[in-house]
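Novice: Provided herewith is a single structure, encoded as structure tokens, for subsequent inquiry.
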Amino acid sequence: MRQALNSNYRFTFLKQFTCIAVAALVSGSSFALPSDRNQQLSLVADRATYNDRTGITTYTGNVVIEQGTMKLQADSIIATLNSKKEIQTITAKGQLAKFQQQIDTNKGLARGEAQQIVYNADTGILTLSGKAYLYQNGSSIRGDSLKYSMNKGDVEAQGSSTNRVQIIIPPSSSKSFPGARD
């Protein structure tokens, strides 16, 4: 009897755990290519825990989550759910937590890294803190912290007296300049 209860508990736990992992990526991929949502989800970690009472799921140990063009790598990832079991925040931490995703078919992969990356599902804001860096199509921005709006595509960067904001914008290759004889 006890073994049957343990087996039933494990099945329920795995079912809840899988739902939360999928919800985390589906919520996060709302700003991705539409085809990303139709791709399989892969989540690999050394350890995973879920607390139904608090709505907190924790993945630790070389965590890698992939779905289509979206990839998130970190030493640990914590997903917090609201009372409706919807993603509230996703926090990735590491020496450097990294993400990549193709948001638009006309642009290359957007890549970013920081010691901590926090995604707020309510606002669609991605906050990168500690050695923050964003790159796409030859343009990049570095700072102590960056806030990136997934809805609007705008970025706010903050530096410090020792680590100022650095922005690199490549020259436009489609623009032609008149010559001396034109």
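Nothing in this text is a laboratory measurement; each read-out follows from the coordinates by a stated rule. Because the structure is predicted, anything quoted here is derived from the model rather than measured. Don't worry about glycine lacking a Cβ; one is built from the backbone with ideal geometry, like all the others, and counts go over all protein chains shown.
Novice: Suppose each label sits 7 Å from its Cα in the direction of the beta carbon; what would the Lys85-Ser172 distance come out to in nanometres?
Specialist: According to this spin-label approximation, the distance is 5.1 nm.
Novice: Stretch Val165-Gln95 to full length: gain in nm at 0.36 nm per residue minus the Cα-Cα span?
Specialist: Extending this stretch completely gives an extra 23.2 nm.
Novice: On to the next question. Pulled fully out, how much extra length does the chain show between Ser139 and Asn120, if you take 0.36 nm times their separation in residues and subtract their Cα-Cα distance?
Specialist: Additional length available on full extension: 4.4 nm.
Novice: HN-Hα J couplings of region 56-63 from phi, Karplus 6.51/-1.76/1.60, θ = phi - 60°, integer Hz, Gly and Pro as x?
Specialist: Once θ is set to phi - 60°, the couplings for region 56-63 become 10, 10, 10, 10, 9, x, 6, 7 Hz.
Novice: Additional query: If I model a spin label as a point 7 Å beyond the Cα along the Cα-Cβ vector, how far apart are those points for Gln39 and Thr60 in nm?
Specialist: Distance between label points: 2.9 nm.
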